[in-house]
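The values are calculated or read from the model by the stated rules, or taken from the named source; none is laboratory data. Predicted model only: the values in this text are computed from it and were never measured. Ideal geometry is used to build each Cβ from the backbone, glycine not excepted, and the neighbour counts take in all protein chains shown.
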Amino acid sequence: MAERALESEWHRCRYLWNEAVRQQKGGLKPTFARLGKLLTDARSHNAWLREGGQVPQQQILRTYAQSLEYSFAQKGRGRPKFKPRRKTLPSLEYSSRGFSCRDGRLRLAKGIVIPVVWSRELPGEPTSVRVHRDSLGHWYASFVVRREVVAARTVDEGSSIGIDWGVSVTATTTLPEFDLPYLGHRKRCAAELGKAQRKMARRHSGRRGPQSKGYQRARKEAATLQKKAARQARHDARAWVKGVVDNHHLIAVEDFTPKFLAKSTMARKSADAAIGALKRELIERAVRAGRKVVLVAPAYTTMTCSSCFASAKQRLGLAERIFLCRECGFTDYRDRNAASVVLAVAERGHTRVDDVSHAHSPLGRMCVQSEREILRLSGGAVNPALPLPSQEQQTPRRANWQRGDGGCTGRSTP
């Protein structure tokens, strides 16, 4: 009963999200204030929307407005897209006036009562909650709780580390004890996963639409294996990030974008390592701890000598694992040398290898990666002291909505 009510609530919220996307594609820029007025008008004329809670509907429109604003403020970020019915997992957000916790149960707006299995006690009074379902069909409730900020561990300001990303070794640093090897959690469960996927293929009817219960069981088995490997990789990544942040003040990170690896022979291994998520986790935790983070462009880091900063004449092939400088004779492991170059560039106050060579030229630029760019990659909020890029306000247009098709974590059992 509770699960059916949550799914119905999600379909209403998804409908509102898709209507907001449709307005944006039609030439409007729907702000939260404009969407709020349209929601009030739509609820007064639409009984189907009135059957759901107003709080989650307002929250999803607020989330859409924030996503749209970030898409204009951040280069390379796409606009919010439609949420398909069968491909989008439910996710509902409630503010403090839309839920309460009494007698070990989570009570949501419109009389939805959910028994919750608490993973741990809440350290304070929750201010909001997000109820969502994962790919296995399990429902979770994630609470936001206010609590005192714990001071980060103090470290020597002279402590620094450079990080170079790779595939065979996920993260190579200037200090060998902080290297992160390729963990290969998905590789270890590849045999079981392949067996489950072959079972899915055998039980698929070959027709579109609902499949048999046997197919659904095989699909859930495959999803369980994938989820287990992803959680293991996330846990090990967070443990490694904590060790790096707790022991270093300056963290020089190669600004590596692993997207191009998806079309190479290293696609499976790079996806298993989750380099992009690992880099975001590192930057977010370092910024939260007050560390100095410098993002260095990956260009020429492999070809440059960390001892004399001489550049090689030709690119090194992937098979060449030892770097040898033709100028000074310095020899080191290829990725270790690149990590040292990344750190050397950051210590000199630059973000590119070329800037070190042309530091004294009129065209040289001495710039450390801005806080805005670091927070962009970490997914955090932008410092309000930094000016936002101006956005031209478009002339508002009237629009009417018609019904179409359209902290602390606890696992809930509706």
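Is it fair to say Q74 is under 23 Å from L89 (Cα atoms) and under 25 Å from the mean Cα position of the chain (by Cα)?
no
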Practice problem: Would you be able to tell me the number of residues in the range 235-276 that are modelled with pLDDT under 90 and under 17 Å from the mean Cα position of the chain (by Cα)? | Solution: 12
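For T63, indicate whether it is of a type in the set (S, T, N, Q) and either surrounded by fewer than 13 Cβ atoms within 10 Å (Cβ to Cβ) or not in a helix (DSSP H, G or I) (or both).
Values: of a type in the set (S, T, N, Q): yes; either surrounded by fewer than 13 Cβ atoms within 10 Å (Cβ to Cβ) or not in a helix (DSSP H, G or I) (or both): no.
Here the answer is no, as T63 does not meet what is asked.
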Quiz item: Got at least one residue in the range 92-106 being out of contact with any Ser or Thr (no Cβ under 6 Å at 6 or more places or on another chain), crowded, with 19+ Cβ neighbours inside 10 Å and either within 30 Å of G243 (Cβ to Cβ) or of a type in the set (V, I, T) (or both)?
Solution: no
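Residue by residue, here is whether (1) out of contact with any Ser or Thr (no Cβ under 9 Å at 6 or more places or on another chain); (2) of a type in the set (K, R); (3) surrounded by 17 or more Cβ atoms within 10 Å (Cβ to Cβ); (4) within 13 Å of H11 (Cα to Cα) holds:
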{"position": "G78", "(1), (2), (3), (4)": "no, no, no, no"}
{"position": "K87", "(1), (2), (3), (4)": "yes, yes, no, yes"}
{"position": "V113", "(1), (2), (3), (4)": "yes, no, no, no"}
{"position": "V117", "(1), (2), (3), (4)": "no, no, no, no"}
Quiz item: If only one of A218, A271, A230 is of a type outside the set (D, E, K, R), in the same structural domain as A171 (by TED's automatic domain parsing) and out of contact with any Cys (no Cβ under 6 Å at 6 or more places or on another chain), which one is it?
Solution: A271
Practice problem: Would you be able to tell me the number of residues in the range 247-274 that are farther than 23 Å from V287 by Cα and among the polar types (S, T, N, Q)? | Solution: 3
Exercise. Check D134, D179, D164 and return the single one that is surrounded by 11 or more Cβ atoms within 10 Å (Cβ to Cβ) and within 30 Å of Y94 (Cα to Cα).
Key: D134
Exercise. Residue by residue through the range 66-105, note down the ones that are part of a helix (DSSP H, G or I) and under 19 Å from L38 (Cβ atoms).
Key: Q66, S67, L68, E69
Practice problem: State whether the residues of the range 204-213 include one that is surrounded by 13 or more Cβ atoms within 10 Å (Cβ to Cβ), more than 25 Å from the chain's Cα centre (by Cα) and not in a loop (DSSP other than H, G, I, E, B). | Solution: no
Quiz item: Any idea which residue in the range 226-276 is surrounded by the most Cβ atoms within 10 Å (Cβ to Cβ), counting only those that are closer than 14 Å to Y182 by Cα and basic (K, R)?
Solution: K269
